[in-house]
Structures are given as C-alpha cells and as structure tokens.
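Trainee: If you scroll down you'll find the structure; I have some questions about it.
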Amino acid sequence: MITAKVNCSLIDKSKLFKGAKGTYLDLVLFETENDQYGNDYVVVQSVSKEDRAKGIKGVILGNARIIHSQKMERTEKPARPAVAGDAAPEGGDNVPF
C-alpha cells in the first residue's frame, strides 16, 4: 500500500478536469531515496507532453510512502508447478505427481 499527503492549496486548479464520475487531477509519483521523514515518492501535478517538451515541470504537491502490511512482508514465493520438459528433481523421474 502507498499512502500520500497532498497540499491541495498548491494545486493548479486549471488542470482539474471533469470526468464521468467527478472532477479529476492527474498526478505523478517519482520514486526518491528515503528522505529524513521516510518518504519514498514525491507527488507532482502532471503536465502535458507539450509542456514537458518546453521544460515546464509539474508543481510538487506532497510526498508518499510505502506502508508495508503483513501480506507484503511475506518473502516466500509459491512453488511453481512442474511442467513437462523441466529437469527431473534429484532422485526423481520428472513426473510431477
């Protein structure tokens, strides 16, 4: 899970747009090294491709961090089922059952 804090007073309101279910704002998260507050990302207001080409950068609106849950902390990957053609396990005959 990633949590973010955005300073809404910094939003360029001209970049808000109407969608089918409300008013939206495009944001971009740039991965950063952990800062002194433990943030993993910088939250920036998105700019158009044309503006990026002109060197215009989005306004920094806030920061975000990864919050680890018990589910995310599991490092074990489930075993991959045997597939025909796999090398036989030691002492096995390459039969998956």
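Table: residues versus (1) closer than 13 Å to I2 by Cβ; (2) at pLDDT below 95; (3) part of a loop (DSSP other than H, G, I, E, B).
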{"site": "T23", "(1), (2), (3)": "no, no, no"}
{"site": "D35", "(1), (2), (3)": "no, yes, yes"}
{"site": "V42", "(1), (2), (3)": "yes, no, no"}
{"site": "G62", "(1), (2), (3)": "yes, no, no"}
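Trainee: OK, next. Filter the stretch 39-62 down to residues that are in contact with a strand residue (DSSP E or B) (Cβ under 6 Å, 6 or more places away or on another chain) and of a type outside the set (A, V, I, L, M, F, W, C) and give me whichever is surrounded by the fewest Cβ atoms within 10 Å (Cβ to Cβ).
Mentor: S46
Trainee: Moving on to the next point. Can you tell me which residue among E31, E73 is within 24 Å of the chain's Cα centre (by Cα), at pLDDT below 95 and more than 26 Å from C8 (Cβ to Cβ)?
Mentor: From the options E31, E73, the qualifying one is E73.
Trainee: Separate question: What are the pairs with Cβ atoms under 9 angstrom where one residue, in the stretch 34-61, is more than 23 Å from S9 (Cβ to Cβ) and without any contact (Cβ under 8 Å) to a residue 12 or more places away in the chain and the other, located anywhere, is loosely packed, with under 12 Cβ neighbours inside 10 Å and among the aliphatic types (A, V, I, L, M)? Sequence gap at least six, or different chains.
Mentor: Close Cβ pairs satisfying both conditions: E50/I56.
Trainee: Do we have T3 as in contact (Cβ under 8 Å) with a residue 12 or more places away in the chain and among the hydroxyl-bearing types (S, T, Y) here?
Mentor: Spelling it out, T3 is indeed in contact (Cβ under 8 Å) with a residue 12 or more places away in the chain and among the hydroxyl-bearing types (S, T, Y).
Trainee: Restricting to the stretch 18-33, name every residue that is closer than 15 Å to A64 by Cβ and either free of Cβ contacts under 8 Å to residues at least 12 places away in the same chain or of a type in the set (V, I, T) (or both).
Mentor: V28, E31, T32, E33 - these are the residues of the stretch 18-33 that are closer than 15 Å to A64 by Cβ and either free of Cβ contacts under 8 Å to residues at least 12 places away in the same chain or of a type in the set (V, I, T) (or both).
The values are calculated or read from the model by the stated rules, or taken from the named source; none is laboratory data. If you're wondering where the values come from, they're calculated on a predicted model, not measured in any experiment. Every residue, glycine among them, receives a Cβ derived from its backbone with ideal geometry; neighbour counts consider all protein chains shown.
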